[in-house]
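Asker: There's a structure below that I have some questions on.
Only the coordinates and a few stated rules stand behind these numbers; no lab work does. In this text, all values refer to a predicted model and were calculated from it rather than measured experimentally. For neighbour counting, all protein chains shown are included, and Cβ atoms are generated from backbone atoms with ideal geometry for every residue, glycine included.
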Amino acid sequence: MNKVGSRTPRFVRIGALLGVVFLALPIIGLFNRVAWSTLWTQLTDVATRDALRISLYASVCATVLALVLGLPLAWCLARLHFAGRRFVRALVLLPMVLPPVVGGVALLGAYGKSNGLLGGVLDTFFGVQLTYSLWGVIIAETFVALPFLVLSLEGGLRSIDTKFEEAAAVMGATDFTRFMRVTLPLLKPSLMAGLMLAWARALGEFGATITFAGNIQGRTQTAPLAVYTMLESNPEGAYALSFLLVAISVAVLVGLRDRWIGGAAQ
Amino acid sequence: MISVHGTVEAGTFSREFSIDVGNEIVGMFGANGSGKTSVLRTIAGLCPLGKGELRVNDEFVDAQAKNIFVLPEMRNIGMVFQDHSLFPFMTAIENAAFPLQMRGVKRATAVEKAAEMLEQFGVAHVAQQMAPTLSGGQSQRVAIVRALIGSPSAVLLDEPLSAIDEESREDVRNHMREHLVRLGVSAIVVSHDRAELDHLCTRIENYTR
């Protein structure tokens, strides 16, 4: 006879099944609308190729930038006790709960060319304009992706037993060597999971990007923006591109799951 | 030489210690909670000394009044941790070679030397195994090799033979003693097993609560 704890009530099974259907139906609907015979033609269209190129380039750059900013931030949040730590953590989480369009408006307030806090200075002294540029796309994507990486890394750093770092220190490892040779390998599962989440968030970014960087084909139009634009003018192209984005996401999920986040996925 | 005269603190624990260790193997015997492990951690630089002075080889490494605190990585100490603390993402031989690499020895040379010492301590056959797959005794032997391999100027051993089975204990103990004598350094062995200390040490300090 099954133990009480391992028995699953019928309403739970039905609820879970409904959950699966709810998630699967839109994907099936999307696949159903893809015109398979013209898929290749649609995907090799100039606008689609431009959007894919910008999306992949900007999302990878945003993930790298998020790592550069996020790792030190996660370290301080996980291991330092300083005044205002709760405020900093709230600040880090804010882009996660903020409507992305509001994030874009906030970025305009900071880096906008005409009346941004820093935008005018960047334009006047360095000739750098972030709005309506590829850098604008990267900044917008970093803004929304950073929290995912920081949260994952902070959790990872908290779960690492510091005894290994202590042992390395006694054996003569300096701060930097200790980080590279001991902390980083221990952090690898959280790091890879965080990078994957951040990259996926950056790749799917829409609201902040369109508000801050615009929707200029060949310059700032990313794949999600292209899908949105094409839905009116070329629905077949929109579905083809959407299918490709789903395929990329699934490939990344499957590819990384076993290697780095197996424990979390099982 | 190791010289500790001061207050060892760890969390709410605090106790005065006065220990002088020359080029000998000194045993520290005492009940759980008597601060034996905390003393070793303080000497290694993992906890600061509360009050007083700590010297290793006639150099002050921790003296609050003199505003001296030498970082653990600068103390050149070898240590066997109570739970071994082998790096779980490395093989046994990579663990054993680590201190040599930290001292600037090339990887190939470090691995060669580590292989030689693992052989002496009877764990050559598990050299390529990942640390988490080692048995308690194998893991402890690798930890001993790791503590001795870098020719440290002082060696601290926290329950170094506790996980090793009765039959091979004498063999490991003899190799350990041989290495310590050859290095000619101060060594402190902490154990709750009085007989073990009698076998290994030249002198025993008794610390009871």
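Asker: Run the dipole for the range A:55-222 about the Cα centre, Lys and Arg Cβ at +1, Asp and Glu Cβ at -1, nothing else charged, and hand back the magnitude in debye, nearest 20.
Answerer: Using Cβ point charges on Lys, Arg, Asp and Glu, the range A:55-222 gives about 200 debye.
Asker: Let me ask another. GNM, chain B, Cα, under 10 Å: largest mean-square fluctuation among B:Ser191, B:Ser34, B:Ser151?
Answerer: Maximum fluctuation in the GNM of chain B, among the listed residues, is at B:Ser34.
Asker: Evaluate 2.2 N^0.38 Å with N set to the residue count of the protein assembly as shown, then give the Cα radius of gyration divided by it. Mind showing how you got there, number by number?
Answerer: Values: Rg = 29.8 Å, N = 475, 2.2 N^0.38 = 22.9 Å.
Normalised by 2.2 N^0.38 Å, the Cα Rg of the protein assembly as shown equals 1.30.
Asker: A follow-up question, please. Testing the spin-label approximation: label points 7 Å from Cα along Cα→Cβ at B:Met1 and A:Val250. State their distance in nm.
Answerer: 7.4
Asker: Can you give the translational diffusion coefficient of the range A:71-113 in µm²/s, computed by Stokes-Einstein from the Kirkwood radius over Cα pairs at 4 °C and 1.567 mPa s?
Answerer: Rounded, D is 109 µm²/s.
Asker: Could I ask something else about it? Nothing charged except the Cβ atoms of Lys and Arg (+1) and of Asp and Glu (-1): what's the magnitude of the dipole of the protein assembly as shown about its Cα centre? Round to the nearest 20 debye.
Answerer: For the protein assembly as shown, the charge dipole is close to 1300 debye.
Asker: Magnitude of the Cβ-charge dipole of chain B, K/R +1 and D/E -1, about the Cα centre, nearest 20 debye?
Answerer: 520
Asker: Next up: Once the dipole of the range A:62-204 is set up with Lys and Arg at +1 and Asp and Glu at -1 on Cβ about the Cα centre, which of A:Trp199, A:Gly84, A:Leu98 lies farthest towards its positive end?
Answerer: Highest projection toward the positive end goes to A:Gly84.
Asker: Here is a follow-up. Which of the lysines could a cross-linker bridge to B:Lys66, judged by Cα under 20 Å and excluding same-chain residues fewer than eight apart?
Answerer: B:Lys51
Asker: Taking each residue in A:171-178, count the Cβ atoms of any other chain within 10 Å of its Cβ, then average. What number comes out?
Answerer: 6
Asker: Quickly work out the A:Leu56-to-B:Asn57 label distance, labels modelled 7 Å from Cα along the C-beta direction, and quote it in nm with one decimal.
Answerer: Those two pseudo-labels are separated by 5.5 nm.
Asker: Distance from a point 7 Å along Cα→Cβ of B:Val70 to each backbone N in the range A:162-203: keep the residues under 15 Å and list them by number.
Answerer: The answer is A:170-173.
Asker: Still on this model: Mind checking the alpha-carbon convex hull of the range A:184-257 and giving the volume per residue in Å³?
Answerer: Working: hull volume 7.4 nm³, N = 74.
About 100 Å³ per residue, rounded to a whole number.
Asker: With just the Cα atoms of chain B, tell me how far they stretch along each of the three principal axes, in Å, largest first.
Answerer: Projected onto the principal axes, the Cα atoms of chain B cover 48, 38, 31 Å.
Asker: Moving on. Quick one: go through the range A:218-233 and flag any residue whose amide nitrogen is under 15 Å from the point 7 Å out along the Cα-to-Cβ line of A:Arg49.
Answerer: Answer for this model: A:218-219.
Asker: Something else about it: Quick one, what does Rg over Rh come out to for the range A:55-222 if you take C-alpha atoms and the Kirkwood Rh?
Answerer: 1.05
Asker: Chymotrypsin sites (Phe, Trp or Tyr not before Pro), restricted to the range A:1-85: which are DSSP loop and have at most 15 other Cβ atoms within 10 Å?
Answerer: Answer in residue order: A:Phe82.
Asker: Under a plain spin-label model, where a point goes 7 Å from the Cα along Cα-to-Cβ, how far apart in nm are A:Ala24 and B:Glu116?
Answerer: The two pseudo-label positions are separated by 6.3 nm.
Asker: Could you calculate the contour length gain from A:Leu231 to A:Ala78, that is, 0.36 nm times the residue separation minus the distance between their Cα atoms, to one decimal place in nm?
Answerer: My answer for the length gained is 50.7 nm.
Asker: Picking from B:Glu167, B:Glu159, B:Glu112, which is most flexible by a Gaussian network model of chain B using Cα springs under 10 Å?
Answerer: Looking only at B:Glu167, B:Glu159, B:Glu112, the biggest GNM fluctuation is shown by B:Glu167.
Asker: Count, for each residue of A:157-170, the Cβ atoms from other chains sitting within 10 Å of its Cβ, then give me the mean as a whole number.
Answerer: If you average over the peptide's residues, the count of other-chain Cβ atoms is 6.
Asker: With r defined as the distance between the Cβ atoms of B:His199 and B:Ser14 and R0 fixed at 25 Å, what FRET efficiency is calculated, to the nearest 0.05?
Answerer: Once rounded, the FRET efficiency stands at 0.20.
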